[in-house]
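> Okay, handing you the structure first.
The values are calculated or read from the model by the stated rules, or taken from the named source; none is laboratory data. Here the structure is a predicted model, which means the values were calculated and not measured. Glycine also receives a Cβ, built like all others from the backbone with ideal geometry; neighbour counts cover every protein chain displayed. The area values use the complete protein model at the heavy-atom level, side chains included, leaving out ligands, DNA and RNA. Shrake-Rupley method; radii C 1.70, N 1.55, O 1.52, S 1.80 Å.
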Amino acid sequence: MSAQIIDGKAVAAALIEEVRTGVDARLAAGKRAPALAVILIGDDPASAVYVRNKKKSCEKAGIRSLAWDLPASTTQAELLAIVDQLNADDEVDGILVQLPLPKHIDPQAVIERIAPHKDVDGFHPYNMGRLAIKMPLLRPCTPRGVMTLLEKYGIDPKGKKAVIVGASNIVGRPQALEMLLARATVTVCHSATENLAAEVAGADIVVAAIGKPGFVKGEWIKPGAVVIDVGINRLADGSLAGDVEFSPACERAAFITPVPGGVGPMTIATLLQNTLDCANLHA
Ligand SMILES: Nc1nc2c(c(=O)[nH]1)N[C@@H](CN(C=O)c1ccc(C(=O)N[C@@H](CCC(=O)O)C(=O)O)cc1)CN2
């Protein structure tokens, strides 16, 4: 068997077009364009690339992006004051603080300071809680993007065994809640999981999100499974690799996402979708 490759780049491009249509409908109704404040602190090269791509995609979708590029020396108090200012600004629909933050800033304190109705990342405990009680409002971008990919490829998680490898707040946990909402039977694996290979081997859908290149072995994949690789790992030669051994997994899976070109572009397209949702919540 050779897996069908899930083309995240193409699905993301179509989603950005859909958002553009939603933005145009707002403009036709006499409303202003959605506005997203993007805060980048420090000089992490990967974060700079992601933020640049977010701004470019905003342009494509007709969303106004307001850039806050701050030095690594920015204090937590200074950052919280900027968040307060953006929370109070009626011209700003969404606030995004690019992660990771410099070590002296507590990310949770920042996430919790963002007004829940401007939380385009969906990381605020209010939005995570709503997802947990089956009343999602603003949903974390990567897990929501994964669900969009599955839907576009006609893959319904209902009644399937979904195994999530990784239990982070950004991906693993909200991904588990998304899968549960879609009526999958969900297992979350983490560093204390005893027999990871056996857990993965029982999965109809595997989502790998641990941040270790090639950590999920191709031979663990059940024949005919769907493999979603959220990992984006930069190798010593400068190339990118996912968390799954791609070629051996392709031999067994029915569907698989590549890295790059799989989940990554969906994270950005879904951010735009969330920004439009935020704007429509406000007026
Ligand atoms: N505030 C947030 N911070 C971070 C998030 C997030 O959702 N919100 N997620 C990640 C980084 N991220 C978005 O911010 C992100 C990662 C990767 C991609 C992407 O398009 N990847 C490409 C490859 C790009 C490259 O060449 O490096 C791909 O996979 O095809 C987009 C967004 C952590 N921080």
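> Grab the other residues whose beta carbon is less than 13 angstrom from that of Ala249, score K and R as +1, D and E as -1, and report the net.
-2
> So, one more: In the chain, which helices (entire DSSP H runs) extend 27 Å or more along their own long axis, judged by Cα positions, while averaging at least 0.0 on the Kyte-Doolittle scale?
The qualifying helices are 8-28, 263-282.
> Same structure again: Which lysines have a Cα less than 23 Å from the Cα of Lys103, not counting those fewer than 8 places away in the same chain?
Lys212
> Given the convex hull over the Cα atoms of the range 95-197, what projected area results after averaging over all orientations, in nm²?
Taking a quarter of the hull surface, the average projection is 7.7 nm².
> Rounded to whole Å, give me the distance from the Cα center of the range 217-254 to that of the range 70-87.
38
> Where the centroid of each part is defined by its Cα atoms, how far is the range 144-174 from the range 1-37 in Å?
Centre-to-centre (Cα) distance: 20 Å.
> Considering all alpha-carbon pairs of the range 31-115, what whole percent are spaced by more than 22 angstrom?
Of the Cα pairs, 24 percent sit more than 22 Å apart.
> From Cα pairs below 8 angstrom and at least 6 apart in sequence, can you work out the relative contact order of the chain, rounded to a whole percent?
23
> So, one more: Which net charge results for the neighbourhood of Ala81, defined as the other residues with beta-carbon distances under 14 angstrom from its beta-carbon, given Lys and Arg at +1 and Asp and Glu at -1?
Once positives and negatives cancel, what remains is -2.
> Output the Kirkwood hydrodynamic radius of the chain, Cα pairs only, in Å rounded to one decimal.
19.4
> Now, a different point. Starting from the Cα of Lys118, draw a straight line to each of the lysines and keep only those under 18 Å, dropping any in the same chain fewer than 8 residues away.
Partners within reach: Lys31, Lys54, Lys55.
> Ignoring everything but the protein chains, give the 1.4 Å probe accessible area of Leu177 in square angstrom, nearest 10.
For Leu177, the solvent-accessible surface is approximately 50 Å².
> Any idea of Val226's accessible area? Nearest 10 Å², probe 1.4 Å.
Here the accessible area works out near 10 Å².
> If you average the C-alpha positions of the range 179-216 and of the range 101-132 separately, how far apart do those two centres end up, in angstrom?
What the calculation gives is 25 Å, centre to centre.
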